[in-house]
Amino acid sequence: MFLAACVQLQGSSDVERNLRVTESLVRRAAAMGCQLIATPEATTYLGPHDRKIVLAEAVDGPTHRRLGDLAASLGVHLLVGSVAERAEGEARRCHNTTLLFGPRGQLLASYRKLHLFDVDIPGGVRFSESRTCAPGRDLVVADTELGQMGLSICYDLRFPELYRALVDRGAELLAVPSAFTLMTGKDHWHTLLRARAIETQCYVLAPAQWGSHDDEGLRCSYGHSVIIDPWGTVVAECSDGEGLCVAEIDLDRVRAVRASMPIQAHRRV
């Protein structure tokens, strides 16, 4: 049993500002006794998309090492929701990548976002993530001291087969760091997250971006970072603004829910 926190940010194009706020909130969560702290998608940069390519670093780049050093200084597991990772052989695109650091600052796992947000909703959101991001190829379940953690990012949430596959690989916790748009978030965010928790009988940690961002007016994020238990109950949630939410994670509850309703054993397809 341990405490986990989801950090909610209002990301911007100012990398140093984003890092300062992130570090402050992560330190606050650690002071509360949290052993697992998760930040949203686009933790280090959320601004004009072409500049993201210029700022992209290797996984062990200086910005990312700074976050690993933060995890080490606090002795916590730190899930950095996503960063811009330099993509080999891609001059005009990068990867949207989650980094999971252990309590000694070691990189335990990284995950490149599989499903890219290319949508054109009449009268609403128009966005083409694939213009500046290259998709990943691999599913990732990280083996940590706190449990088996399945990694995903934002738009992945709409593809339940991904989460079924993560559970097949042993996931007990699911991370869904996001920058869900206001328009889609107000109707779909809680419903989709609770469905993924119920279907997989996992805890779901979903740290989110909130508010308007200086990305040429393209994005306003819904926020409402949440932690959901394996019965589908929201056990912690952020309101508006930057901040964090905290909940107790008890993996015995995962095992109890799965034993009482063994849906994985009942699958026919």
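Every number here is computed from the coordinates shown, using simple stated rules; none is lab data. Owing to the predicted nature of the structure, the values given are computational and were not obtained by experimental measurement. Quick reminder, even Gly has a Cβ in these numbers, built from the backbone with ideal geometry, and neighbours come from all protein chains shown.
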Could you list log10 I(q)/I(0) for region 2-266 at q = 0.07, 0.09, 0.10 Å⁻¹, which the Debye formula gives when each Cα is one point scatterer?
-> -0.21, -0.35, -0.43
Computed from the beta carbon distance with a Förster radius of 41 Å, FRET efficiency for A31 and I263 to the nearest 0.05 stands at 0.60
Sorted by chain and then number, the residues having a modelled amide H within less than 5 Å of the amide H of R219, at least 5 places away or on another chain, are H213
Nearest-5 percent of antiparallel DSSP beta bridges in the chain?
-> 70 percent
Using alpha-carbon positions, what is the distance between the centroids of region 1-63 and region 232-269, in Å?
-> 24 Å
Go through region 157-260 and name the GluC sites (Glu not before Pro) that are in a DSSP coil and have 11 or fewer other Cβ atoms within 10 Å of their Cβ.
-> E216
Among the helices of the chain (complete DSSP H runs), which have Cα atoms covering no less than 20 Å along the helix axis and a Kyte-Doolittle mean of at least -1.0?
-> 15-31, 182-200
Modelled label-to-label distance, A165 and D240, 7 Å Cα→beta-carbon offset: nm?
-> 3.9 nm
Candidates L173, L36, L192; GNM for the chain (alpha-carbon contacts under 10 Å) flags as most fluctuating L192
If you bin the C-alpha pair distances of region 101-180 every 5 Å from 0, what whole percents do you get?
-> 3, 14, 22, 22, 16, 11, 7, 3, 1, 0
GNM top mover of V167, V119, V204 - the chain, alpha-carbon springs below 10 Å = V119
